[in-house]
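Take a look at the structure set out below.
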Amino acid sequence: MMNLNLHQSWKTVLQQELEKDYFKSLQDFVAQEYATKTCFPPQDLIFAAMNRTPFEKVKVVILGQDPYHGAGQGNGLCFSVNDGVSMPPSLWNIFKELENDLGIPTPASGNLERWADQGVLLLNAVLTVQEGKANSHKKRGWEQFTDAAIKAINEQREQVVFMLWGNPAKTKAKLINTTKHLVLESKHPSPLSANKPGWFFQNQFSRVNGYLEKVGKEPVRW
């Protein structure tokens, strides 16, 4: 069975979810996949997003789809790559928009751990993937689990910013109470959609920080 290397704060709020039959089946499936195929991220980083950003620290949520499926790329945080790995196009577009919005030049590394450590939950809807096969672990139970995480944030936390990029992420809007949280929706940063109106020049990052400051929280050092 998959090792449940999950931060205690998340274990507490998701305890009922972890005991459901679907999650036990998911654990068995993931363990079998990692035992027989090359999968990403490394097993000890499957829950990296939650482990680097404990439940009580979450102030921004960025939702991705599933991990990068190339060797050495992903580190368990959506859109993030390990130091020394060339940036995928979506990540380039994120940094280009950051420069448009806040004048921050593109960094040398696409490792977003520094965001996660400030309370930005970089959560993929599906937490594992087989090498070279995008979406190969979808509809196995991860979506139900990550929906439960979003619901827990919605219900138990106050004044969190949810950044929903692209249509799959936008479907999560129905889980979020917009009277107590801020929801920002946009196109996905992928080149397939980012070059259409709706990704660039949306000022999302400055809007996040403006909201956080307004509600008395520390802005993100993007």
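Quick notes on this one:
- Applying the set (1) farther than 23 Å from ASN195 by Cβ; (2) not in a helix (DSSP H, G or I) to MET87 leaves exactly one unmet item: (1).
- Considering the range 99-147, the residues that are touching a residue at least 60 places away in the same chain (Cβ under 8 Å) and charged (D, E, K, R) include one that is nearest to THR53 (Cα to Cα), namely ASP117.
- Filter result (charged (D, E, K, R), more than 19 Å from ALA116 (Cα to Cα) and open to solvent by 60 Å² or more (accessible area, probe 1.4 Å)) within the range 171-222: LYS174, GLU185, LYS187, LYS196, LYS214
- Any hit, the range 126-135, residues being touching a Pro at 6+ places or on another chain (Cβ under 6 Å), modelled with pLDDT of 95 or more and not aromatic (Phe, Trp, Tyr): yes
- Scanning the range 25-40 for residues that are surrounded by 18 or more Cβ atoms within 10 Å (Cβ to Cβ) and either of a type in the set (Phe, Trp, Tyr) or in a loop (DSSP other than H, G, I, E, B) (or both) yields TYR34, PHE40.
Yes or no, residue by residue, for (1) buried (at least 20 other Cβ atoms within 10 Å of the Cβ); (2) in contact with a strand residue (DSSP E or B) (Cβ under 6 Å, 6 or more places away or on another chain); (3) within 18 Å of PHE29 (Cβ to Cβ):
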position	(1), (2), (3)
GLU99	no, no, no
PRO105	no, no, no
ASP117	no, no, no
LEU121	yes, yes, no
ALA125	yes, no, yes
GLN130	no, yes, yes
LYS138	no, no, yes
GLN156	no, no, no
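- Condition check for GLY70: open to solvent by less than 30 Å² (accessible area, probe 1.4 Å), closer than 28 Å to PRO189 by Cβ and assigned to a loop (DSSP other than H, G, I, E, B): yes
The values are calculated or read from the model by the stated rules, or taken from the named source; none is laboratory data. All figures in this text were calculated on a predicted structure; none of them were measured in a lab. Cβ atoms come from the backbone with ideal geometry, glycine included; neighbour counts cover every protein chain shown. These accessible areas exclude ligands, DNA and RNA; they are computed on the full protein's heavy atoms, side chains included. Shrake-Rupley method; radii C 1.70, N 1.55, O 1.52, S 1.80 Å.
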